[in-house]
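Inspection log for the structure reproduced underneath, given as structure tokens.
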Amino acid sequence: MTYAIAKKQACFDLPDFLTRRMDLHYITRIEQLLGGEHPHAWQATPAGAVFLAGNDYLCLAGEPALVEAQVAALRQQQGELLMSAVYLQEGSAQHRLERKLAYFMGAEDGILAQSGWAANVGLVQTLAGPEIPVYLDMQAHASLWEGVQSAGALPVSFLHNDMEHLQKQLQRHGRGLIVVDALYSTNGSIAPLVELVEIAERSGCMLIVDESHSLGTHGPRGAGLVAQLGLSERVHFRTASLAKAFAGRAGFISCSSYFKGYFLSESRPAIFSSCMLGHELAWFDAAIDFIAAADDRRTALHAHARALRADLSALGYNVSDGTEQIIALEAGAEPRTLALRKLLEQHGVYGAMFCAPATPKNRSLVRLTLNSGLNQGQLARIVDACEAIREQMDLDSWSSTRRLRRLALV
């Protein structure tokens, strides 16, 4: 059904200020640019396909020990008090889990939130305020930018992982808050955390590091990249979505116990969201123990990333922007990226299409998200698929390919 027909069949009229925006999406983008196909609409993944669109890096979903812990919690509960987490009594199950996860990360204390989004928005909102500059890497997660807007603070972007540009921005705008991802979710690049800590200390800035895509997968026992680099006591705050390696649905903030009391009284997402449920806490409690002992899965994940990146690079794909388990095939314009996703699916490889606002307008990509459970046959299938479609996709004409050539000439 086209948007024009659907629009006529609507049960009520929408105001023109909304329909104009919807027309830009459905008519200009979907019908005219993409030929009527929505970039995020796809069929169910067929049996035997290689699914690379999820974030369960360590394959915890369905893990018997975690499922059993959650089921036991559901069977034992006799009704729960559903309230804002700010009213939980000291020593509650949620508080105990917060301290356990903080200890796992090498922090004094922590705060569980409804999601990684809520954690980031709530944290930035409580740290910044009007006229306070917040320095964000241009690829920092959207939730961090949303937190700046919520705080009414001054967003100041700097080029991705460009410390020279960050220092120029600091000289211009002064002391504030520096916000980065440890591992960036679109291309698998890693932030220069040691240099960022040194810049923050010299400039008197606070530093937030979002560890959503590195907590569980990197560092000692999975404690993250900050811990791996010995920076736990020098980074003011770490945040994470627990919907990645922890395979649940929550967010986390590492902090001091002193800051925690302030946060719970000032963070709007914390005040106006309910606490977590008992079976959710049981899942994460078991997940911490499982992840801490999962060195074999982390080793497998990193080996897969190295091998696949090397093979794709040999085929001429520019995957040089990143190094980790997130691999970006940057085709450029949305129609070309949609064609790439569909061709890969014809070969049984299912990735996720990333486009605006997740990427710049003409730098859309198909993201291949690896996990520890992939076998050699599946990795070979991905490589074979990417080799088979090179000519159909005119790989040599991609802007990312041309960018790689320019770098080779420098």
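The values are calculated or read from the model by the stated rules, or taken from the named source; none is laboratory data. Computed from a predicted model, the values in this text were never measured in an experiment. Neighbour counts run over all protein chains shown; Cβ positions are idealised from the backbone, glycine included.
How many residues does the stretch 335-369 contain that are farther than 16 Å from Trp398 by Cβ, without any contact (Cβ under 8 Å) to a residue 40 or more places away in the chain and not basic (Lys, Arg)? Summing the residues that are farther than 16 Å from Trp398 by Cβ, without any contact (Cβ under 8 Å) to a residue 40 or more places away in the chain and not basic (Lys, Arg) in the stretch 335-369 gives 2. When Ala245 is tested against the conditions (1) crowded, with 21+ Cβ neighbours inside 10 Å; (2) of a type outside the set (Val, Ile, Thr); (3) not in a loop (DSSP other than H, G, I, E, B), the lone failure is (3).
Got a sec? Which of Ala151, Ala102, Ala119, Ala142 is buried (at least 24 other Cβ atoms within 10 Å of the Cβ) and either closer than 27 Å to Gly261 by Cβ or assigned by TED's automatic domain parsing to the domain that holds Leu225 (or both)?
The match here is Ala119.
Taken over the stretch 370-381, the criterion of being in contact (Cβ under 8 Å) with a residue 12 or more places away in the chain and closer than 19 Å to Leu58 by Cα is satisfied by Leu370, Asn371, Ser372, Gly373, Leu374, Gln378, Leu379. Taking Val366, is it closer than 23 Å to Pro46 by Cα, in contact with a Gly (Cβ under 8 Å, 6 or more places away or on another chain) and among the hydrophobic types (A, V, I, L, M, F, W, C)? Yes. Can you say whether Ile382 is farther than 30 Å from Arg96 by Cβ, outside any strand (DSSP E or B) and of a type in the set (Val, Ile, Thr), as far as the supplied structure shows? It is true that Ile382 is farther than 30 Å from Arg96 by Cβ, outside any strand (DSSP E or B) and of a type in the set (Val, Ile, Thr). If you check Ser232 against the conditions, is it assigned by TED's automatic domain parsing to the domain that holds Ser189 and modelled with pLDDT under 95? For Ser232, the condition - assigned by TED's automatic domain parsing to the domain that holds Ser189 and modelled with pLDDT under 95 - is not met. Number of residues in the stretch 73-99 that are exposed (fewer than 14 other Cβ atoms within 10 Å of the Cβ) and outside any loop (DSSP other than H, G, I, E, B): the value is 6. If you go through the stretch 263-276 and keep only what is hydroxyl-bearing (Ser, Thr, Tyr) and within 17 Å of Asn120 (Cβ to Cβ), you end up with Ser267, Ser273. If only residues of the stretch 15-59 that are touching a Leu at 6+ places or on another chain (Cβ under 8 Å) and more than 24 Å from Leu374 (Cα to Cα) are counted, the one that is surrounded by the fewest Cβ atoms within 10 Å (Cβ to Cβ) is Met22.
Residue count for the stretch 114-159, restricted to those that are of a type in the set (A, V, I, L, M) and modelled with pLDDT under 95: 0.
Examine the stretch 222-235 for a residue that is in a strand (DSSP E or B) and not small (Gly, Ala, Ser), and state whether such a residue exists.
Checked against the condition, which is being in a strand (DSSP E or B) and not small (Gly, Ala, Ser), the stretch 222-235 yields no hits at all.
For Glu233, the stated conditions do not hold, so it cannot be described as over 21 Å from Thr186 (Cα atoms), touching a Ser or Thr at 6+ places or on another chain (Cβ under 7 Å) and surrounded by fewer than 19 Cβ atoms within 10 Å (Cβ to Cβ).
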